[in-house]
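K.L.:
Shown below is the structure under consideration.
All of the numbers you see were taken from the coordinates with simple rules; none came from a lab. Given the structure is predicted, the values throughout are model-derived calculations rather than measurements. As a convention, Cβ positions derive from the backbone with ideal geometry for all residues, glycine included, and neighbour counts pool all protein chains shown.
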Amino acid sequence: MTTEVERRLTNILSADVYGYSRLMGEDEAGTLATLNIYRAAMTDLIAQHRGRVVNAAGDHLLAEFASAVMAVQCAVEIQRQIAERNQALDEDRRMWFRIGINLGDVIVEHDDLFGEDVNIAARLQGLAEPGGILISGAVFDQVKQKLSLGFQPLGPRQLKNIDTQVAVYRAVLQAQGEKPKLTAQVSDADKWHRFKLSAIRHGAIMVLLILINAFTWDGDPWAQWPILGVAFLFVLQATRIFRR
């Protein structure tokens, strides 16, 4: 007998602490105390916005909302309150969260959520700046005419282990407090995508040089030298891509 899988359409909010390992390495007890205080505040805000905490393991928190508007409003209020609380802490002890929100069809099992759309929310969270919020195109379509909040389009992104590209938007929040600078993070999928495009461009140039040499052949294989130069440039660009 096949057990029917429960599914539902929901808005998934994924949040984690930026630089959590560093904070724990410097002060475990203090970091855990701050995390517990901040997580309790986040849980209250989620309930106030008619959401539900799905799980909160380690420094990660996953929640769901029936309304995309409520999910985004909750995320904005979370970041605002955390920024205010951080003002009371030394700069190197401040705890900043990154938040990603996606709307999608999920599998429900024992009150937990599973599926690609949950993973998309987590990937957006990983791309967000400390204290920032990223939302998917599906969420943006639901909130764009309903919130007096600005959104910056970041274009379609190839997220790790996600087959199709996802439109990404950044919520424009008022600056509150000095946030740590975030080193640009590029997913493996983005790196391979850029590598393939570079290979196609450089390969096309090499083929063009070979064709020109062939059609103007006078016994001198001169194309080999510029081809070596193009190959060298390709190797340099590929190295830069994978070092990021």
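K.L.:
Averaging sequence separations of C-alpha pairs under 8 Å and six or more residues apart, then dividing by the length of the stretch 1-118, give the relative contact order as a whole percent.
P.N.:
On the way: 168 pairs, mean separation 48.3, N = 118.
Relative contact order comes out at 41 percent.
K.L.:
Right, next: Kyte-Doolittle mean at least -0.5 and Cα extent at least 20 Å along the axis: which DSSP H helices of the chain qualify?
P.N.:
Details: long enough: 28-48 (30 Å, 0.43); 68-86 (27 Å, 0.17); 188-215 (40 Å, 0.58); 224-243 (28 Å, 1.06).
Counting only whole DSSP H runs, the qualifying helices are 28-48, 68-86, 188-215, 224-243.
K.L.:
Give the cross-link partners of residue 196 among the aspartates and glutamates, using a straight C-alpha distance below 15 Å as the criterion and excluding same-chain residues fewer than 8 apart.
P.N.:
188
K.L.:
Considering only the stretch 28-156, what is the antiparallel percent among its DSSP beta bridges, to the nearest 5? Let's see the in-between values first.
P.N.:
Values: 7 of 10 bridges.
Bridges in the stretch 28-156 that DSSP calls antiparallel: roughly 70 percent.
K.L.:
Still on this structure, I have one more. Can you compute the FRET efficiency between residue 6 and residue 87 using 1/(1 + (r/R0)^6), with r the Cβ-Cβ distance and R0 = 51 Å? Round to the nearest 0.05. Please report the intermediate quantities before stating the final value.
P.N.:
Working: r = 43 Å, r/R0 = 0.85.
Once the sixth-power term is evaluated, E becomes 0.75.
K.L.:
Here's another thing I want to ask about it. Quick check on the chain: helices-only [θ] at 222 nm, where DSSP H runs of length 4 and up contribute -39,500 (n - 2.57) each and the sum goes over total residues. Nearest 500, please. Don't skip to the answer; put the middle values down first.
P.N.:
Numbers: 7 runs with 114 residues, N = 244.
Calculated from helices alone, the mean residue ellipticity at 222 nm is -15500 deg cm²/dmol.
K.L.:
Next question, about the same structure. Could you tell me which label, among (i) 29, 19, 18; (ii) 44, 23, 17; (iii) 32, 29, 17, carries the value of semi-axes √(5λ) of the Cα gyration tensor in Å calculated for this structure?
P.N.:
Of the labelled values, this structure produces (ii).
K.L.:
Please give the peptides 115-124, 25-34 ranked by average Cβ packing (other Cβ atoms within 10 Å per residue), highest first, as a rough proxy for protection.
P.N.:
Working: 115-124: 21.6, 25-34: 13.0.
Put in order of decreasing packing, that is 115-124, 25-34.
K.L.:
Still on this structure, please answer the following. Where Lys and Arg each count +1 and Asp and Glu each count -1, what net charge lies around residue 109 among other residues with Cβ under 11 Å from its Cβ? Kindly include the intermediate steps, with their values, before the conclusion.
P.N.:
Working: positive: 7; negative: 6, 111, 112.
Taking every Cβ under 11 Å from that of residue 109, the sum is -2.
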